[in-house]
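All of the numbers you see were taken from the coordinates with simple rules; none came from a lab. These figures come from a predicted structure and were not determined experimentally. Note that we place each Cβ from the backbone using ideal geometry, even for glycine, and neighbour counts take in every protein chain shown.
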Amino acid sequence: MRRRDSSSTQQSTIDRRRFLAATGVSVAGISGLAGCLGETGDSAPIADVDPLSQAVSSTAVSWDDLGDLEGEINIYNGRTPDQIDPVFDALETEYDGLTINTDDDDTDVHVNQILEEQTHPADLMYSQDPGALNELYNNDVLQPLPDDVVDAVPSSYQHNDGYWTGVTGRTRSIQYNSDRLDETPFDSWDELPTDISEYAHDDRFEDIISTRPNSGTFRGFIQAMVELEGEPETREWVEAIADDQNAQTFESGGNQAEAVNRGGNDDPIVALGNSYYAARILNEDPDAPIRTTYTENDAGCLFSVAGVGVLNDVNDAELVAEFVRHLLAEEGQEFMMDANGEYPVVEGVDYVGPLPDLEEINPPEFDLSDFDMELQEAGDLIDEHGLGV
């Protein structure tokens, strides 16, 4: 049975206590100094735990091939519940003895909890983006994953030394309402540029474009642009998208995609955002007018992942290791793909959905281990030019 805490609500203190009570950790214990960052719990290191049954692999295995899940697992979840509930619900249905406790909040809140509390109830961090997982690694609070987990996922989708792994992937994309061409200066949607810089500097996008600047993935997009194009060019891009194009901004990527799809007079026609938001709409209604296109080999089509890292003081390494294997097994990948419109990270699982296959997109080569939590340079650029909501 799921126990959930949503700590980002106004009742965060009460909700936090409920989560701690559910996981058997006292508030007094959290504020004390009983633990120390970098120490492991009573359980064996997760990398030393053998699979309960078959190992997970890049050729894709089924849940039937893996060991049973029994016990409680405590997760700091930085994704929205609708993004991870399908697979968590399916796992609890599959295994009567499994309870998944989730503490849902912004990723940066969870990172601060882990680094400041010293002892905490979480076994695993499920992050929306690699930056948070890299921050935990840099502070020595993650432990390396089992070899079969590391080998199952391409190296470009995980930490360089195997301390976290991507679970699903998504690309940055250009979303547009295919029914509103007549309201734009374009003669054809084929004229949409394949260079992300043009979306800030081509005046045909003035007053019709939007973005979501308050997300970690947008800051990651800006950081990638800094790395790929340089700080001066990125600064000019941010300034132009905010001031010259008068970009409409949204607090939610889902709301942004829905606005593009809705097509009202006050809604944007074009949006910069993660591809899976459009995929969700198209999964429900294949005839919806929202469409995606992609830039080429620049930050505008950056491929990134949502992923997991196992914390040092894990309660049951055997259970947690097997849980991660289930996320990377065929059913886990398919549940996330169907619910979110994301891409699988296991090569043996085929993408099925309304978006192009990854082979048809040309994202830039970018080391996801280079992302950091603060993304300070990217955040400063965004704030400096008032690109907010």
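When you filter the GluC sites (Glu not before Pro) in region 246-327 for DSSP loop state and at most 15 other Cβ atoms inside 10 Å of their Cβ, you are left with E251, E296.
Per residue, what volume in Å³ does the convex hull of the Cα atoms of region 261-302 enclose? Mind showing how you got there, number by number?
Numbers: hull volume 3.2 nm³, N = 42.
Spread over its residues, the Cα hull of region 261-302 gives 75 Å³ apiece.
Averaged over every viewing direction, what's the projected area of the C-alpha convex hull for region 199-337? Give it in nm², one decimal, please. Before the final figure, lay out the partial values.
Details: hull surface 44.2 nm².
With the hull built on Cα positions only, its mean projection is 11.0 nm².
Across q = 0.20 Å⁻¹, region 191-269 modelled as identical point scatterers on its alpha-carbon atoms has Debye log10 I(q)/I(0) values of -0.95, in the order of the q list.
For region 270-325, the orientation-averaged shadow of the C-alpha convex hull comes to 6.6 nm² (one quarter of the hull surface).
In plain terms, if you count all Cα to Cα distances in region 40-190 and split them into 5 Å steps from zero, the share in each step is 2, 7, 14, 17, 20, 16, 7, 5, 4, 4, 3, 1, 0 percent.
Quick one: putting +1 on the C-beta of Lys and Arg, -1 on the C-beta of Asp and Glu, what dipole do you get for region 305-358 around its Cα centre, in Debye to the nearest 20?
Result for region 305-358 is approximately 160 debye, rounded to the nearest 20.
First check a/c for region 113-218, with a ≥ b ≥ c the square roots of the eigenvalues of its C-alpha gyration tensor; if it is under 1.5, answer rounded, and if not, answer prolate when a/b is larger than b/c or oblate otherwise. It comes out prolate by the Cα gyration axes.
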